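Questions regarding the structure given below will be posed in turn.
The values are calculated or read from the model by the stated rules, or taken from the named source; none is laboratory data. Just so it is clear, the structure is predicted and the values come from calculations on it, not from any experiment. Every residue, glycine as well, gets a Cβ built from its backbone with ideal geometry; the counts of neighbours run over all protein chains shown.
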């Protein structure tokens, strides 16, 4: 089960947008008052998103490989809770969320998990939805949230509160386009030191 959760997390950290990345060194931690205003604006924007579709490019930096691994695919999301995240190259792998069931498919092999039966998967799904639109940043019981700002970029750094999630994720950094109040990049640092960055292109949003 742990391997399926790890694969799910690897594919589930999403981003929206195509702006050039800003390094963490250029961002400064904001005050508590500023953080509250930023989160309120992000949540307001997130609630307006009814559906979203896009292509994506994922770059993985893993300790046992000398070179970075680049993957391509597509994503479809609806605010009712359904999500399809599909890798198309260099390998084919799909996971989806629908009616509280997570399904992962690789070749002829399919694995389904009922969210009601797995607290860990429930936490992962919350992280996925937060990564897509910036939802659930306020009063998040599963992740501590620290806000940063610099130029036209906002960043929310999520750190797991519970040991179960800490086995897989060290931090998740959500980068927002300040003017659009939407995520434009996500960087996930895994517990083992590996790093995953995903950027989306050809974004279509329905409000």
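Restricting the search to segment 160-173, which residues are without any contact (Cβ under 8 Å) to a residue 60 or more places away in the chain, part of a strand (DSSP E or B) and either in contact with a helix residue (DSSP H, G or I) (Cβ under 6 Å, 6 or more places away or on another chain) or closer than 19 Å to residue 139 by Cα (or both)?
Across segment 160-173, the qualifying residues are 160, 171.
A further question on this structure: Does segment 192-202 hold any residues that are buried (at least 18 other Cβ atoms within 10 Å of the Cβ) and at pLDDT below 90, and which are they?
Once the filter is applied, which keeps residues that are buried (at least 18 other Cβ atoms within 10 Å of the Cβ) and at pLDDT below 90, segment 192-202 yields 198, 199, 200.
Please tell me if residue 118 is within 14 Å of the chain's Cα centre (by Cα) and modelled with pLDDT under 85.
No, not satisfied.
Between 106, 43, 118, which is surrounded by 13 or more Cβ atoms within 10 Å (Cβ to Cβ) and within 23 Å of residue 205 (Cβ to Cβ)?
Every option except 43 fails the conditions.
Also, quick follow-up: Could you go through segment 129-136 and let me know if any residue there is touching a helix residue (DSSP H, G or I) at 6+ places or on another chain (Cβ under 8 Å) and either modelled with pLDDT of 90 or more or loosely packed, with under 14 Cβ neighbours inside 10 Å (or both).
no
Just give me the residues in segment 179-191 being crowded, with 17+ Cβ neighbours inside 10 Å and touching a helix residue (DSSP H, G or I) at 6+ places or on another chain (Cβ under 9 Å), in sequence order.
181, 182, 183, 186, 187, 188, 190
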